[in-house]
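Worksheet for the structure shown next.
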2 protein chains.
Amino acid sequence: MRQTRYQQIADDLRRRMGEGEFGAGRLLPSEADLSATYDASRVTVRRALEQLRDEGLVSSRQGFGWFAATDPVRQSLGRLGTIESQLAADGLSSERRILDFRFLATPPARVREVLGPGPVLRVRRLNMADGHPFAVVTVWCPDQYGAELSRADVARSPFYELIGIPLGSATQTIGAAAASAHDAELLGIPEHSPVLICERVTRAAHGEPILVSEHVFPAHLTEFVVELTHADASMAPSGLRLVE
Amino acid sequence: MRQTRYQQIADDLRRRMGEGEFGAGRLLPSEADLSATYDASRVTVRRALEQLRDEGLVSSRQGFGWFAATDPVRQSLGRLGTIESQLAADGLSSERRILDFRFLATPPARVREVLGPGPVLRVRRLNMADGHPFAVVTVWCPDQYGAELSRADVARSPFYELIGIPLGSATQTIGAAAASAHDAELLGIPEHSPVLICERVTRAAHGEPILVSEHVFPAHLTEFVVELTHADASMAPSGLRLVE
DNA sequence: ATGTAGACAAGTATAGGACAAGTGCGCCAG
DNA sequence: CTGGCGCACTTGTCCTATACTTGTCTACAT
């Protein structure tokens, strides 16, 4: 047994919810039904459901049942899956609208810090989910790798596939800020409303940084979920650090 | 024999783990299984596993099993340590100022969902770094565990130490919002300025949720860092999900 | 010092069951 | 048509039992 049974069931339910099988606030099958379909005891099914409840994906009412906590389409993006893959599973459009595609001789300071002083390709795009904008993404990539890419390439495929070299580790930084006028307009939210900002430095397998990306999400639409398999020795959220 | 048997086994297990045979928090074969496959006694297998435990590669729980401790997210989060330890390393003071300490007969709905309907202890505090506030923290804890705690206890020690039962996993949700008037005043920031909000459900080793906590940080002071040891198959930040 | 073999205690996961309490719905008496 | 009752079904909470796991110990061989 590689995993506990209730975790397998929780994973499967999470996946099924992600595929929209249980719609907006709809009821899930009863514990008895799930127990039968998974061929597991009710205790085990309950443990799986309770874990999903801890994650905020479902709620329950005695005598009534278990139901998806929020809108299924958005709910679909469970746990550590990626948004595009989840949307694809839903058959929903996850369109990448390219806003800007240009080579910069002198990148911003932060990008130079990571990628070095050379020229870079900067691509700015708007990610759409189900017809609505949900992220403004900017990607910086060294000239060397970006030179062979076309605007059409970038619109069609994820960036990482186009680079053509194996990726290694990445460092992801999550912060918050007030929306700039520009981002607010693109995302259809009021200026200065809160946004989540995720900066990511992706490195090649050999360790050299090859991509810097910044994702801006409306705060009311998005949140990050991190599973910690053993609780940290502190009440403070893990991974947090003070900046500047 | 140039090497001891248990060192050979430890080396082999280390190699197998390095090849990803036991990924992220997955269970290893039981001591009995390993004993059979390596044709060694259980004691010897244990010595090998204990060596790996000393190296931080695996953990174990009685009655459950051995599992790989190499979850990239958790590892990096753990490595970063807590804010308090960072402050201590910088020679800065950190203080916990208790704002409120009371028992609630009927907790908020979200807390009831996780902890159950019973009464809870709610502690609200202001975390200070170098004399400046940097977090408003609210912790909910079942009456059962909170009954023996005093206000002084909570001010002195981290909550997790006071509960006195071993902690298991946790689920951490990171989002952003505009600061409420109350939080803004406590943190010394303008109302509606962006804040990072981290909700955390901490479970005991046996899986029962025992703590719900909410941390509110000023966005300009704080960010989360997540290390991914192998880049995800998407440009989208890992762990993100859309909500409501 | 290292390894083998075995026995026992303590903890975990799961199955299966019983019962209480809450919900929704149809039926029936009025 | 309406109100109330009962029935079927649901979750919430307990219990026992079993199989399996790690933790710990003793005895013995190399």
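We did not get these values from a lab; they are worked out from the coordinates using the rules stated. All figures in this text were calculated on a predicted structure; none of them were measured in a lab. Note that each Cβ is placed from the backbone with ideal geometry, even for glycine, and that neighbours are counted across all protein chains shown.
List of remarks:
- Scanning residues 5 or more positions from A:Ser193 or on other chains, those with amide H under 5 Å from its amide H are A:Ala179, with H placed 1.01 Å from N in the peptide plane.
- For segment A:93-218, the alpha-carbon radius of gyration amounts to 1.05 times the rule-of-thumb value 2.2 N^0.38 Å expected for a compact globular protein.
- Across peptide B:214-224, the average count of Cβ atoms from other chains found within 10 Å of a residue's Cβ is 6.
- Working note: Karplus 6.51/-1.76/1.60 with θ = phi - 60° gives segment B:52-61 the couplings 5, 5, 4, 7, x, 7, 9, 10, 9, 9 Hz, where Gly and Pro are set to x.
- Residues whose placed amide H lies under 5 Å from that of A:Glu95, excluding near-sequence neighbours: A:Met128, A:Asp130, A:Gly131
- Label-to-label distance, B:Arg5 versus B:Leu27, with points set 7 angstrom from Cα along the beta-carbon direction: 2.6 nm.
- For A:196-203, mean number of other protein chain Cβ atoms within 10 Å: 5
- Neighbours of A:Gly65, meaning other residues whose beta-carbon lies under 12 angstrom from its beta-carbon, give a summed charge of 0 when Lys and Arg score +1 and Asp and Glu score -1.
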